[in-house]
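First the structure, in the form of structure tokens, and then the observations on it.
Nothing in this text is a laboratory measurement; each read-out follows from the coordinates by a stated rule. Everything numeric in this text was worked out from a predicted model, so none of it was measured. FYI the Cβ positions are ideal-geometry reconstructions off the backbone, even for glycines, and counts take in every protein chain you see.
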Amino acid sequence: MKNRKTLLAAIMGSAMMALPSAGIAQAVPPPGPAGSPAPGSSAQGALERPTAIPMQAPSPNTMQPASTALGSKWSDVTKLPDFFAGNWQSVTSFLDREPKTPLTPKAKAYADAFKPITDIPFAGAGCKTPGMPTIQRLGSPLKFFFEPGMIAIYIENSSMTRFIKVNGKHAARPNPSYLGDSIGHFEGNEFVVESIAFADDILFQYTNFPGKGTSRFVLPIESVFGPHGPNLRMVERMKLLDPDTMEITLTIYDDTVWTKPYVANTQIFKRNRGDAGIPAEWVCGSGADPLEFDPVSNESIMQDPADVLKKLQAKDAK
């Protein structure tokens, strides 16, 4: 357990800088029509971090609940795919090695000017959550729970829980959050989840620097992270490939960042059963290499990215 948490902390910590939590604006008008620049966009065309989080209304092209009400009553649990026994461990990199979706001109200008040691004013520093979708893709186990009209996913990393309304509707004016406002429905054996209303400082991958990457995974210091637009929408499709293998595909819609929907690398999860399937307590602490973490100030003491990369590549080569 300690080694697993140390690895996760090292991967995330190598590029994160500690910042206070973003506040939520209470009196901001709803976003403009789809395609409008994200709050904080500059006249020069490069994206900037929004200074306020707008209250968001559901996108007009969001999915409608399926006609079936599967998942609305206790007896449905016997008809649902068995996501619930044990927990699920990711065996896939949480970052895309080769993102190919074209960036918008503004996002490309932002990426071209991006400096990983200074330009990550986003979540994930210290013990702060990186938010969706990163938090669910980091590699720590997921545990599913069911009650009528609700499926919850406990994420061991950061001890956070997503609550997905089954056959429900988005809140009329959801407050932006790190996990978003989520609704889901079943299409056959697939659980389809749509999430909107995200905090402005979630850890959001645009692309990678050309030619970067170790032999096994892409590091945060090799990726470009940036702000998202006000109408960001994520759609996940979860299904079992066999009794102990789960697949989650993720499509992200944000026309301020990409010129078409971005399809992330498919995540594969393996089921843990017995004692290994019981969620463990998550404690954010020190001791991760190459990250030095001060739990008193909740700050990460950064090393030079080039030095960090050399150390991790040396470990990867062993």
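Could you pull out the trypsin sites (Lys or Arg not before Pro) across segment 240-284 that fall in loop regions by DSSP (anything but H, G, I, E, B) with no more than 12 other Cβ atoms inside 10 Å?
Values: sites: Lys270, Arg271, Arg273; in loops: Arg273.
Counting only loop positions with at most 12 other Cβ atoms within 10 Å, the trypsin sites (Lys or Arg not before Pro) in segment 240-284 are Arg273.
For the residue pairs Lys100/Lys270; Lys143/Lys169; Lys108/Lys260; Lys128/Lys260; Lys169/Lys260; Lys128/Lys165, the C-alpha atoms sit more than 20 angstrom apart in Lys100/Lys270; Lys143/Lys169; Lys128/Lys260; Lys169/Lys260; Lys128/Lys165. Under the rule a/c < 1.5 gives rounded, and otherwise a/b versus b/c splits prolate from oblate, where does segment 142-194 land using the Cα gyration tensor? Oblate shape, in that a/c is at least 1.5 and b/c is the bigger or equal ratio.
Going by how many other Cβ atoms sit within 10 Å of their own, how do Asp76, Asp82, Asp200, Asp181 line up, fewest first?
Neighbour counts put them in this order, fewest first: Asp82, Asp76, Asp181, Asp200.
Ordered by the count of other Cβ atoms within 10 Å of each Cβ, fewest first, Lys169, Lys106 give Lys169, Lys106.
At R0 = 22 Å, how high is the FRET efficiency between Ala172 and Asp255 if r is their beta carbon distance? Nearest 0.05 is fine. All intermediate terms of the calculation are to be shown ahead of the outcome.
On the way: r = 23 Å, r/R0 = 1.05.
It comes out at approximately 0.45.
Centre-to-centre separation between the Cα atoms of segment 74-91 and those of segment 159-201: 18 Å.
Please give me, ordered by residue number, the GluC sites (Glu not before Pro) of segment 222-282 that lie in loop per DSSP and have at most 13 other Cβ atoms within 10 Å.
Sparse-neighbourhood loop GluC sites (Glu not before Pro): Glu281.
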